[in-house]
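Okay, so here's the structure we're looking at.
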Amino acid sequence: MNHAALPLVGVSRCLLGQRVRYDGRDKFAPRVAALAGYCLLVPFCPEVEAGMPVPREPAHVGGSPLEPRFVGNRSLEDHTFRLMGRIMARLEELARTPLSGYVFKSGSPSCAAVEMVSVFDDLGRTRGRSLGLFARAFRERFPWIPVADERVLADHSRWADFFKAVRRRHRRRGGEV
């Protein structure tokens, strides 16, 4: 198989069975992993690659919907600067690749890309909704790249729609499929 002819698709590492989540577990998603038969998967976990340990304190989106922050649930420690440094570096890396799609982890304070997550203030009150910090930055930087999450890909027709969009993007960039 000619790997250069396959589309590149970014994916949250936990969806591929890697134990990178805050609780030391994975969120293996068979339908996401099935993309490996048709694409070259490029795994990424913003928290781990920003140097956060596994396991680690659970976090949420804090601040406001217009200025979301990555905040520890118990400590209320703000990890935004650290996390965004790695996210911005990753976006620069991705800008130099022929990326054709991205699969994010739903409900994640860093990776929610399809359905928004709640934003909480320091007293635990809901202040609105936002995408996860990485997903938000990714979608702002690459609005033309198709995105999905494991919930979208669990549905056969939506999986097929996502893959068609990935193939179209790949072909536009001069790839084969």
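For the reader, a short list of remarks on this structure follows.
- Residues of the stretch 47-57 that turn out to be open to solvent by less than 30 Å² (accessible area, probe 1.4 Å) and free of Cβ contacts under 8 Å to residues at least 60 places away in the same chain, as a count: 2
- Inter-residue pairs, beta-carbon under 8 Å, first over 13 Å from Val119 (Cα atoms) and in the stretch 58-81, second part of a loop (DSSP other than H, G, I, E, B) and aliphatic (A, V, I, L, M), 6+ apart: His79/Ala50; His79/Met52
- Thr97 fulfils the conditions (1) touching a strand residue (DSSP E or B) at 6+ places or on another chain (Cβ under 9 Å); (2) more than 20 Å from Thr126 (Cβ to Cβ); (3) surrounded by 15 or more Cβ atoms within 10 Å (Cβ to Cβ) except for a single criterion, (3).
- Any hit, the stretch 119-127, residues being exposed (fewer than 15 other Cβ atoms within 10 Å of the Cβ), modelled with pLDDT of 95 or more and within 15 Å of Val9 (Cα to Cα): no
- The strands (runs of 3 or more DSSP E) located wholly in the stretch 1-109 that include 2 or more residues which are under 30 Å from Arg169 (Cα atoms) occupy 8-12, 40-44, 99-104.
The values are calculated or read from the model by the stated rules, or taken from the named source; none is laboratory data. Everything quoted here is computed from the prediction, not taken from an experiment. Quick reminder, even Gly has a Cβ in these numbers, built from the backbone with ideal geometry, and neighbours come from all protein chains shown. What goes into the accessible areas is simple: the full protein's heavy atoms, side chains included, and nothing from ligands, DNA or RNA. Shrake-Rupley method; radii C 1.70, N 1.55, O 1.52, S 1.80 Å.
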